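Below: the structure, in structure tokens.
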Amino acid sequence: MRNEPAFLFDLDGTLVDSVYQHVLSWKDALDQEGIALSVWRIHRKIGMSGGLFTNQLLREIGEEITEERRERLRRLHAEAYARHSNSVRPLPGAIELLKTLTRVGTPWAIATSGRMETARYNLERLEIDVDSTPIVTRDDVEFAKPDPDLFVAAARKLGVDTNVAIVVGDSIWDMLAAQRCRALGVGLLSGGYGQDELERAGAFRVYEDPADMLFHLDEVGGGR
């Protein structure tokens, strides 16, 4: 294992401006199931795995949770996201941030609680080669955020210990998962969570978006 710093990036709301497309896609899926739920309640759960997301939402409203229903909601969400994904764009500075880390020789990987069926649209927007970039999705691990499995697997792909890794995410679920694998957490405001929420969940630095993080890269050990 190498002891050099490495960055483990969440995807939605961290590198691509896709949180609200996911919210609308889940709203479409829930509507098709006849489940009335306010958009703000959906947003507060974005960043979890789809299975945990649906479990929590259905439990909140007292609806029955079955494996068949979870799978149906997952499929409906993926279909809706395929329609909404045309409006997804990289967040300011995201592509430049990744290119800068590559240029200076700082390892990085992507760890997303989304499945590849939806993540692939976002990876395309970032001009990422999925064959040569270390990427971990929900398909690759048993448990997703707030469990740390995604970031542990991403660190393993880079050959680094999580205690020298820096998790970059936009949600409290990212920061909680970072704490659970003893990685430092950097929060971005670009997913809709506030600075105080991210800091309470464990973020040691909070920036507006990838461009702001790139400007302050030396503060988190990435500007060699």
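The values are calculated or read from the model by the stated rules, or taken from the named source; none is laboratory data. From a predicted model like this one, the values you see are computed outputs, not experimental measurements. Cβ coordinates were reconstructed from backbone atoms using ideal geometry, including for glycine residues, and neighbour counts include every protein chain displayed.
In segment 45-142, counting only helices (runs of 4 or more DSSP H) that sit wholly within it, the ones holding 3 or more residues that are within 27 Å of PHE215 (Cα to Cα) and not hydrophobic (A, V, I, L, M, F, W, C) span 94-104, 116-125. I'm checking my understanding of the structure. Among residues of segment 132-178 that are within 26 Å of TYR20 (Cα to Cα) and among the hydroxyl-bearing types (Ser, Thr, Tyr), which one is surrounded by the most Cβ atoms within 10 Å (Cβ to Cβ)? Checking each candidate, the answer is SER171.
Scanning segment 35-89 for residues that are surrounded by fewer than 19 Cβ atoms within 10 Å (Cβ to Cβ) and touching a strand residue (DSSP E or B) at 6+ places or on another chain (Cβ under 8 Å) yields GLN56, ARG89.
THR106 falls short on exactly one of the conditions (1) in contact with a Pro (Cβ under 7 Å, 6 or more places away or on another chain); (2) under 28 Å from LYS27 (Cβ atoms); (3) of a type in the set (Ser, Thr, Tyr), and that condition is (2).
Okay, residues lined up against (1) of a type in the set (Gly, Ala, Ser); (2) touching a helix residue (DSSP H, G or I) at 6+ places or on another chain (Cβ under 6 Å); (3) in contact (Cβ under 8 Å) with a residue 40 or more places away in the chain; (4) assigned by TED's automatic domain parsing to the domain that holds TYR121:
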position: SER25; (1), (2), (3), (4): yes, yes, yes, no
position: LEU30; (1), (2), (3), (4): no, no, yes, no
position: GLY34; (1), (2), (3), (4): yes, no, no, no
position: SER38; (1), (2), (3), (4): yes, no, no, no
position: PHE53; (1), (2), (3), (4): no, no, no, no
position: LEU57; (1), (2), (3), (4): no, no, no, no
position: ILE61; (1), (2), (3), (4): no, no, no, no
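VAL88 meets each of the listed conditions (1) at pLDDT 95 or above; (2) under 16 Å from the mean Cα position of the chain (by Cα) apart from (1). Condition first: among the small types (Gly, Ala, Ser), modelled with pLDDT under 85 and farther than 21 Å from VAL141 by Cα. Can you find one or more residues in segment 38-53 that meet it? Within segment 38-53, one or more residues are among the small types (Gly, Ala, Ser), modelled with pLDDT under 85 and farther than 21 Å from VAL141 by Cα. Can you find, within segment 188-211, the residue that is surrounded by the fewest Cβ atoms within 10 Å (Cβ to Cβ) among those that are within 20 Å of VAL88 (Cβ to Cβ) and acidic (Asp, Glu)? Within segment 188-211, the match that is surrounded by the fewest Cβ atoms within 10 Å (Cβ to Cβ) is GLU208.
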